[in-house]
Amino acid sequence: MSFAEFLHQVGGMGRFQIIHTMLLTIPIVLMASHNLLQNFTAAIPGHHCQVHINANNTSYPNATLHLDSQDLLRVAIPMDRNRQPEKCRRFVTAQWQLLDPNVTEPNGTQLDTEPCTEGWTYDRSMFTSTIITEWDLVCNLQKFQQMAQSIYMAGVLVGALVLGGLSDRFGRKAMLIWSFLQLAVMGTCTAFAPSYISYCIFRFLGGMALSGFGLSTACLRFVYTLGQILLAGLAYGIPDWRWLQLTVSLPFFFFLIYSWYVWFAESARWLVLAGKDDRAVKVLQRVARMNGKREEGEKITTEVKRPNGVFNEGLDPQAAHSSLCFSLSMVNGRFSTSFSYYGLAMDLQNFGVSIYLIQLIFGAVDFPAKVVVTISMSYIGRRISLSAFLLLAGLVIIANIFVPRGGFVRTSLAVIGKGCLSAAFNCVFLFTTELYPTPIRQTGLGFGSTMARVGGIVAPLAKMLDDYFIFLPPVVYGAAPIISGIVATLLPETLNQLLPDTVEEVESRLVWWGGRGGNALLKITQQQSQVF
């Protein structure tokens with residue numbers, strides 16, 4: 001009897017598993033809040049230079065007493081090409097002649113201007129406070145907005161590398177509890193950060209922690225979609241960035257308490273692999289009692305003492321620690337999907353509609369996307385589904401370049417692109433699982449996950465390319481999935497195929513790359529396995 005069959009015998013999906021799953025689901029809902037939080041805490045409100053008018057240097061000493069705010073802006077701030085106040089420059093001296101309706105207004109560049117040496121005035125009608133308004137991260141400093149998100153995603157990557165190994169060594173429960181504690185503390189510290197540098201440090205450490213419990217609960221990622229919808233509501237109700245940050249961080253103290261003192265049990269499979277059979281027996285007996293299988297639970301000790309008992313079947317510790325980079329195609333797919341996904345999801349202000357509405361829609365579109373991709377993978381196949389979703393996502397992202405901001409068409413194309421990338425995420429994860437042979441499957445998934453996080457780090461940085469050419473970021477975000485979609489067509493189909501147990505079985509399926517080409521690829525990856 002295999003270990004999985006034995007677990008099914010003592011309860012399967014019983015009361016214990018249902019409660020366990022529900023308690024793990026709640027933190028995952030807030031995972032989206034932390035990943036996408038900077039859409040709101042780092043939102044850039046409308047702004048312009050502080051208006052400074054020296055009445056002593058004008059022939060109208062009482063003019064400022066009779067002007068409304070729009071007239072003051074007209075004489076103090078030049079207009080951009082869209083006839084809106086410039087965000088980063090102001091007139092050196094007030095241009096009173098611009099108030100005369102008979103005077104033709106010259107181009108702002110023909111008049112003397114200067115940078116915003118005295119700071120900025122922000123539109124606080126939507127956001128009472130963000131890190132942008134608090135630390136003036138606009139104009140020449142606007143790149144620090146994207147930098148902060150990349151630093152956070154770097155923390156997620158480092159957390160996956162560090163906490164993943166510690167989880168294998170010290171157990172899933174210990175790392176889950178530690179991750180809850182670290183995220184609760186670092187998230188709270190972020191809310192009270194006195195400077196931009198301290199903010200980035202706390203966000204980095206919070207990202208590490210989030211990655212820690214994300215690894216332990218990967219099977220519950222479907223509820224991540226609910227978190228995106230919840231974030232829209234929380235951000236709408238809490239327009240101050242510090243209070244919003246605190247709201248999504250404090251619940252992790254509660255998660256820490258119930259995971260430590262109340263319910264969570266260590267993974268029985270990990271306990272067996274770690275040679276802690278006695279503790280594994282106690283855990284499984286507890287599961288059996290909760291599931292109404294007390295008699296089966298009492299037999300566990302007898303089963304364990306058998307030389308070739310269930311605890312020794314179906315487990316291969318050596319295979320779990322093997323590693324191999326199976327193919328650059330899957331790595332490229334994971335990277336580009338994550339890269340374009342976060343490129344869209346973290347640029348909500350660029351669509352010209354309510355940021356809360358677009359966040360809500362972006363979250364809700366994941367539900368039909370997951371349904372469609374599930375049907376597609378089941379009937380059409382993994383390879384065609386992955387390629388189609390990636391190609392469609394890339395095409396609509398690039399097509400949006402030619403659509404005016406604020407319109408229904410632009411928003412609809414963005415939602416379609418987001419939905420396709422969400423579907424591609426599901427598809428590429430399953431496809432990767434089915435392509436890797438058993439001895440290196442976990443390592444392959446881990447490497448692919450690492451590259452996905454690298455994509456999340458690079459995505460905000462690519463937004464800085466609009467300093468050189470405004471259309472460059474969407475071109476890059478669109479080109480990445482198109483290239484990956486084309487490459488995905490070269491992969492073998494895995495629909496209705498048994499999971500490969502050996503590299504030789506994988507080799508036999510590489511019909512698209514040809515005999516010697518497939519063999520050469522496998523030789524290269526086998527050499528890489530010795531390095532990893």
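The values are calculated or read from the model by the stated rules, or taken from the named source; none is laboratory data. Because the structure is a prediction, the values reported are computed rather than measured. Neighbour counts are summed over all protein chains in view; Cβ atoms, including those assigned to glycine, are modelled from backbone coordinates with ideal geometry. Side chains are part of the model used for accessible areas, which takes the heavy atoms of the whole protein and leaves out ligands, DNA and RNA. Shrake-Rupley method; radii C 1.70, N 1.55, O 1.52, S 1.80 Å.
General remarks:
- Taking the protein heavy atoms of the stretch 338-412 in the context of the full set of protein chains, the accessible area attributed to carbon and sulfur is 74 percent at 1.4 Å.
- Remark: the stretch 332-414 carries 40 Å² of accessible area per residue (probe radius 1.4 Å; ligands, DNA and RNA excluded).
- Per-peptide packing, taken as the mean over residues of other Cβ atoms within 10 Å, places 459-472, 137-150, 180-193 in the sequence 180-193, 137-150, 459-472 from highest down.
- Rounded if a/c under 1.5, otherwise prolate or oblate - the stretch 378-483, Cα gyration tensor axes: oblate
- Whole-percent carbon and sulfur share, accessible surface of the stretch 130-250, 1.4 Å: 73 percent
- FRET efficiency for GLN50 and PHE170, using Cβ-Cβ distance with R0 set to 56 Å, rounded to 0.05: 0.55
- Taking 23 Å as the limit for the C-alpha separation, the pairs LYS173/LYS418; LYS87/LYS418; LYS87/LYS463; LYS143/LYS370; LYS173/LYS370 exceed it in the case of LYS173/LYS418; LYS87/LYS418; LYS143/LYS370; LYS173/LYS370.
- Placed amide H near ARG90: partners under 5 Å, 5+ positions off or other chain: GLU114
- Modelled spin labels at THR93 and ILE18, positioned 7 Å past Cα toward Cβ, are 8.0 nm from each other.
- Tensor-based shape of the stretch 352-399 (alpha-carbon gyration tensor, a/c under 1.5 rounded, otherwise prolate or oblate): oblate
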